[in-house]
Each structure stands twice: as structure tokens, then as C-alpha cells.
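What follows is a short report on a single structure.
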Amino acid sequence: MCSGRVISKLPCSGEKEVDLAVQSAKVAFKAWSQLSGMERSRVLLEAARIIREQRDEIATLETINNGKSIFEARVDIDISWQCLEYYAGLAGSLAGEHIQLPGGSFGYTRREPLGVCVGIGAWNYPFQIACWKSAPALACGNAMVFKPSPFAPISVVRLAEIFTEAGVPKGLFNVVQGGAATGQFLCHHPDVAKISFTGSVPTGVKIMEMAAKGIKPVTLELGGKSPLIIFSDSVLENAVNGALMANFLTQGEVCCNGTRVFVQREILDAFTKEVVKRTQKIKVGDPLLEDTRMGALINRPHLDRVQGFIKQAKEQGAKVLCGGDLYVPDDPKLKNGYYMRPCVLGNCTDDMTCVKEEIFGPVMSILPFDTEEEVVERANNTKFGLAGGVFTRDIQKAHRVVAALKAGMCFINNYNISPVELPFGGYKSSGFGRENGRAAIEYYSQLKTVCVEMGDVESVF
């Protein structure tokens with residue numbers, strides 16, 4: 001991705017390979033699901049240790065894999081091993097409850113694994129997403145077959161090797177490669193118990209339709225067009241930092257990015273001036289260099305798509321305040337890479353395509369507002385509901401606004417902070433189900449109720 005050259009070629013997994021992966025996982029599941037939570041915990045902790053010790057090596061692989069800066073890739077790998085540690089900690093505590101019934105009878109519940117789960121990942125956080133899905137799945141006693149994006153297929157293979165080194169049964173975490181056809185084979189496979197998908201809304205709809213035919217539960221983490229609301233009483237420097245974090249991480253290729261930046265009119269000029277100044281200083285280029293903060297977009301078609309949004313925005317009346325043009329690094333080896341300068345758009349209105357549709361690139365749209373009531377209504381006027389953010393020094397207003405936002409992940413005076421302890425997921429077309437936190441346990445296990453009668457059975461017949 002950094003240079004535009006082919007990194008490697010991998011064969012797509014067909015129906016036969018998918019079936020082999022699922023059957024292998026099915027066998028491994030029998031052994032893994034019989035272990036105690038503490039036994040599973042030790043294996044997950046060992047995998048976390050390996051990832052932590054090989055952090056720099058895996059981060060370099062991830063940067064080559066998808067073009068993000070090495071600085072960000074290291075953060076992704078840290079979040080990955082932390083995720084495994086977190087669910088290792090929960091594995092030994094998974095339990096049901098005892099319910100006392102009349103006459104000495106009682107009931108109890110068992111939290112049981114689902115079986116073979118499927119994870120389908122995206123190309124913006126390949127290794128991290130695979131950990132987000134596999135850690136709770138394995139902690140609950142499941143097996144997983146994971147399909148990474150065909151645009152970033154490499155680093156997940158390393159995760160599979162690490163799980164094997166850590167001691168999981170052979171086949172417990174399998175990787176299949178390919179595009180839509182491979183995904184369809186996985187979704188239709190009769191021995192798959194659950195599907196967890198991260199990606200676009202259209203693909204999420206198709207996966208939900210396929211899963212419905214087998215009555216398989218799904219977790220969908222889809223797109224977004226999230227609002228970031230900057231009130232006039234906010235600390236300007238913090239608000240600017242938040243806006244940059246909300247728009248330019250991973251070249252803007254982040255589903256929960258706060259790309260609709262609503263700024264209260266009293267500070268619109270000051271905020272815009274500072275955001276433009278800071279955006280122009282973002283170093284674009286070789287993502288393997290330590291001081292690079294923005295690497296290459298994922299591929300040429302996606303770069304062209306992002307450029308098309310900017311062109312359309314100008315045609316609809318938006319003003320390019322900075323960036324938006326292609327960037328050619330000085331290093332001749334990188335001249336065919338997919339680079340662009342981060343873009344800030346001003347003079348935006350709610351009906352513009354750049355404000356309504358997910359661009360998934362380094363493009364920020366600034367929109368003025370006057371009142372709290374007005375901005376909340378405008379912020380919610382979208383089919384998406386993944387995230388939202390508020391910057392203000394008035395803590396009552398902050399909580400009041402996030403309570404009114406129709407979004408699954410909200411930030412107050414920060415943005416794009418995703419600790420593994422906190423559930424992550426969306427409302428509306430942004431999907432349902434949750435990654436991370438204790439909430440994910442609900443989506444990788446099922447509850448069995450047992451009713452025990454201690455007296456004679458009475459019959460109505």
C-alpha cells in the first residue's frame with residue numbers, strides 16, 4: 001500500500017477450503033469448550049504476552065499490510081494484546097446464576113459457548129479487529145474462522161500463528177482468504193453458529209440476509225457519519241485536537257470518525273483558522289518513518305473515490321480550506337503509493353453529499369450552528385448512529401447532549417478513544433451488537449435455563 005507495489009499474492013479460499021476450516025474448528029471446539037475458564041485464560045494470556053513482546057515486529061507488518069503510520073500501528077498492537085488480556089481476565093468468571101423456587105425447588109442458568117463463530121474483518125484495523133472478535137469468542141469457549149479483508153490479508157495470519165504458539169488446539173482459530181464469495185460460503189455454512197462483521201452497510205445488509213436463512217445471530221459494526229459538536233465554551237486547543245483525532249487517524253479510514261464537525265458560530269472563525277493551520281502541518285509520507293503521521297490510503301480505487309467526494313463537494317458549494325490534493329513522496333520507491341493531503345472543507349451545509357455520505361478518507365466538513373437544540377436535531381438527522389462527540393466546559397450540557405444523541409459510542413472532551421473495557425457499537429444503520437467490554441460476552445455465548453423439581457410432580461391431566 002505504501003509503494004503501490006504487490007506485497008504478496010494469496011489464493012482465495014473456495015467452498016472446499018472454507019468447509020475444511022469450519023470442520024477443523026468444529027473439532028477444536030470440542031476440546032476447547034471443555035476446558036475451564038481458567039485454563040482458557042492461561043492460553044489467552046500467553047498469546048497476549050507474545051503479541052506484547054513482538055509489538056514492533058507486528059506493527060511493522062501491519063503498516064506494510066495497510067499503509068497506516070508505524071506510530072498508529074504500534075497503538076493498534078497495544079490495544080490488541082490488551083484485549084486478549086482483558087478477556088483472559090473474564091474467562092474464569094463466566095457463570096450463570098442460581099434461582100430459588102417454592103418448595104425447595106430451584107433453577108439455574110448456564111452460560112454456554114455457541115460453537116464455530118465467523119469473524120469477517122475490515123482493512124483499516126486488520127490485526128486489532130481480529131483480536132476484538134477472537135478474544136471474547138475464545139474466552140467464552142468458541143472456535144473462530146476469520147476472513148480478513150482481501151486488501152489487508154497478511155497480519156491476521158500472524159495472529160493465527162501466535163494463537164498456535166500460545167497453545168490453542170489446532171484449528172481453533174483458522175484464517176481463510178478471499179472476497180465476497182468466500183464470505184458467502186462462510187455465512188451459508190450449516191456448521192457456523194454466529195457471524196461477526198465489520199465493514200460497510202451494504203455488505204452488512206447482505207450478511208444479515210444470508211444469516212437469516214440459517215437463523216444465525218450476527219454482530220454488525222458498520223459505517224458512520226458521526227457528529228462532533230464544538231460549543232463556544234470549549235477549550236479551543238482541546239477542541240482542535242479532538243477534531244484532528246476525529247478525522248485524520250488512519251488516513252481518515254475509521255468508521256466512527258466525527259467527520260461532521262459542528263462549530264458554534266461564536267468561535268467558528270477561530271476554530272477553523274486553527275484547524276487549518278494544524279492540518280497543514282500533518283506530515284504525510286512513508287508510514288514506516290517515525291515522524292510520519294499520515295500514511296497511504298488502502299488502494300487506488302479508494303483514493304479515487306475520496307478524491308471524487310472532494311470534487312463533488314466543490315461543485316455543491318463547499319470550499320476547500322486546505323489539502324485534498326494528491327501527495328507524491330520524495331522517495332522514488334513511494335511515488336506510486338496512494339497518498340493525499342488531509343482536507344478541510346468549509347462553507348458546508350447539511351444537504352451536501354460530503355456531509356451526508358461516509359467518505360472514509362481524510363476529509364473534515366465544518367458546519368456552523370447557533371443553539372444546542374438546533375445542533376442536536378441536525379446531528380441526529382442521519383441514517384447512521386455509530387458515534388458522536390461533544391466539546392464543552394459545561395458538564396451538565398455535555399451529558400445532556402450525549403443523552404440526546406442517537407449513537408452507540410459517545411465522547412465528551414475527547415474522541416476516538418476506545419478502551420477494550422468499554423462496549424463499542426452503533427445504532428440505526430451503523431449496526432447492532434457490541435464489541436469489547438463485558439457486553440461482548442452476551443454475543444459470544446448463549447444462556448441455558450435448568451429447572452429442578454425437588455418434590456412430587458403434579459399433573460393437570
The relative contact order of the chain, taking Cα pairs under 8 Å that sit 6 or more residues apart, comes to a percentage of 20 percent
One would report the antiparallel percent of DSSP beta bridges in the chain, rounded to the nearest 5, as 35 percent
In nm, the gap between the two label points placed 7 Å beyond Cα toward Cβ at SER232 and CYS12 is 5.6 nm
Sequence order, the range 248-256: Karplus ³J(HN,Hα) from phi using 6.51 cos²θ - 1.76 cosθ + 1.60, θ = phi - 60°, Hz rounded, Gly and Pro as x, gives 10, 4, 6, 6, x, 8, 9, 5, 9
For the range 329-442, the Cα-Cα pair-distance distribution in 10 Å bins from 0, as whole percents, is 11, 34, 32, 16, 6, 0
In terms of the charge dipole of the range 227-412, which places +1 on Lys and Arg and -1 on Asp and Glu at the beta carbon, the residue among SER234, VAL276, GLY389 farthest towards the positive end is VAL276
Note, the range 407-416: 3J(HN,Hα) by Karplus (6.51, -1.76, 1.60, θ = phi - 60°), whole Hz, Gly/Pro = x, goes 8, x, 10, 10, 10, 10, 6, 7, 7, 6
For PRO362, the net charge from surrounding residues (Cβ-Cβ under 9 Å; K, R +1; D, E -1) works out to 0
Amide H proximity to SER13 below 5 Å, modelled H, separation 5+ or other chain, gives GLN177, GLY178
Between the Cα axis of helix 395-404 and the main Cα principal axis of the chain, the angle (0 to 90°, nearest 10) is 70 degrees
Counting only protein heavy atoms and rolling a 1.4 Å probe, one gets per residue an accessible area for the chain in Å² of 43 Å²
Here the tail fraction of P(r) beyond 21 Å, over all Cα-Cα pairs of the range 100-250, rounds in percent to 55 percent
Taking a ≥ b ≥ c as the square roots of the eigenvalues of the Cα gyration tensor, with a/c under 1.5 meaning rounded and otherwise prolate when a/b exceeds b/c and oblate if not, the range 227-412 is prolate
Sorted largest first, the Cα spans of the chain on the principal axes come out in Å as 78, 52, 39
Expressed as a percent, the accessible surface of the chain that is carbon or sulfur, using a 1.4 Å probe and the full set of protein chains, is 55 percent
Between TYR108 and GLU377, Cβ-based FRET efficiency (R0 51 Å, step 0.05) works out to 0.60
Taking placed amide H atoms and a strict 5 Å upper bound, the residues 5 or more places from LEU367 or on another chain that come that close are VAL261, PHE262, VAL263
Ordering LYS311, LYS170 by the accessible surface of their heavy atoms, 1.4 Å probe, largest first, yields LYS170, LYS311
Ranked output for segments 152-162, 81-91, 206-216 by mean other Cβ atoms within 10 Å, highest leading, reads 81-91, 152-162, 206-216
Once the in-chain neighbours fewer than 8 apart are removed, the lysines whose Cα is under 26 Å from LYS428 read LYS133, LYS147, LYS194, LYS206, LYS213, LYS216, LYS225, LYS356, LYS383, LYS397, LYS406
Ratio for the range 28-141, C-alpha Rg to 2.2 N^0.38 Å, reads 1.34
From the Cα centre of the range 334-349 to that of the range 367-424, the distance in Å is 25 Å
Phi angles of the range 33-50, converted by Karplus (6.51 cos²θ - 1.76 cosθ + 1.60, θ = phi - 60°) into ³J(HN,Hα) in whole Hz with x for Gly and Pro, give 5, 8, 6, 6, x, 5, 5, 5, 4, 4, 5, 5, 5, 5, 4, 4, 5, 4
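The values are calculated or read from the model by the stated rules, or taken from the named source; none is laboratory data. Since we're looking at a predicted model, the values are computed, not measured. Positions of Cβ are generated from backbone atoms using ideal geometry, with glycine treated the same way; all protein chains shown enter the neighbour counts. To get the accessible areas, we keep the full protein, side chains included, count just its heavy atoms, and leave off ligands, DNA and RNA. Shrake-Rupley method; radii C 1.70, N 1.55, O 1.52, S 1.80 Å.
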